[in-house]
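Working notes for the structure below.
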Amino acid sequence: MTGAVSAALVAQLLVAVSGYTGYAIPGDLPTVVRVPHAALEAMACGRPCAVLGFAAPDGTIALDDTLHLGADAADTSILVHELTHVLQRAAAGSAPAADCAAWLEREREAYDVQYRWLQDTAPNIRELSLRLVRLGTHPLIPPCRPGEGVRQETSGMAPK
């Protein structure tokens, strides 16, 4: 299913992300759209990849249209991750990460917020464990190479 995501869900999750990070919530909600996986791959990677979400420099968030947002916590956590990137950029005056090390720090923070949100919304440890298993055990964060420029901010969770 392609199309926009509920503004109420986006607003609710922005409040949660702001609570975890201390970042201010911008006056306008970001646009969040659901797109086919191939379109998401083209936006985020330019080739086939395991991306499920992408926060574009203009603040638009694209999410894989197979995600069950609002109904599945593991899937919804991808949106939490991408909203973290939107607030990071807003706090930096829309500036991209200055270098790969700064990009990695933003990515680590986004995963931390995503996992904390999953933990805080899970009714018990069993449910949290099931959510984490669905996301995969390791986020896909490639290391920086000497002299490497800035990377795009994506949620590189392995597909379910």
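Of all positions in region 135-144, none carries a residue that is in contact with a Lys or Arg (Cβ under 9 Å, 6 or more places away or on another chain), within 26 Å of SER6 (Cα to Cα) and at pLDDT 90 or above.
Report, by residue number, each residue of region 66-88 that is over 16 Å from VAL15 (Cα atoms) and either modelled with pLDDT under 95 or outside any helix (DSSP H, G or I) (or both). Matches in region 66-88: THR66, LEU67, HIS68, LEU69, ALA71, ASP72. Tallying residues that are among the hydroxyl-bearing types (Ser, Thr, Tyr) and touching a strand residue (DSSP E or B) at 6+ places or on another chain (Cβ under 8 Å) within region 1-52 yields 2. Against the criterion of being more than 19 Å from ALA7 (Cα to Cα) and out of contact with any helix residue (DSSP H, G or I) (no Cβ under 8 Å at 6 or more places or on another chain), ASP58 does not qualify. Could you count how many residues in region 84-101 are free of Cβ contacts under 8 Å to residues at least 60 places away in the same chain and surrounded by fewer than 16 Cβ atoms within 10 Å (Cβ to Cβ)? Result for region 84-101: 7.
Residue-by-condition table, conditions (1) surrounded by fewer than 17 Cβ atoms within 10 Å (Cβ to Cβ); (2) touching a Leu at 6+ places or on another chain (Cβ under 6 Å):
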site	(1), (2)
PRO30	no, no
ALA39	yes, no
ARG47	yes, no
GLY53	no, yes
PRO57	yes, no
ALA62	no, yes
GLU82	no, no
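Sort out which residues of region 1-32 are assigned to a strand (DSSP E or B) and modelled with pLDDT under 95, and write them in order of number. Listed by number, the residues that qualify are GLY3, ALA4. Residue count for region 89-112 satisfying the condition of being in a loop (DSSP other than H, G, I, E, B) and either at pLDDT 90 or above or of a type in the set (S, T, N, Q) (or both): 2. For region 101-112, the criterion of a residue being out of contact with any strand residue (DSSP E or B) (no Cβ under 8 Å at 6 or more places or on another chain) and either among the β-branched types (Val, Ile, Thr) or under 19 Å from ASP28 (Cβ atoms) (or both) is satisfied by no position. When ALA39 is tested against (1) without any contact (Cβ under 8 Å) to a residue 40 or more places away in the chain; (2) outside any helix (DSSP H, G or I); (3) not charged (D, E, K, R), only condition (2) is not met. The combined condition, being surrounded by fewer than 14 Cβ atoms within 10 Å (Cβ to Cβ) and among the acidic types (Asp, Glu), is fulfilled by ASP120.
The values are calculated or read from the model by the stated rules, or taken from the named source; none is laboratory data. Owing to the predicted nature of the structure, the values given are computational and were not obtained by experimental measurement. Don't worry about glycine lacking a Cβ; one is built from the backbone with ideal geometry, like all the others, and counts go over all protein chains shown.
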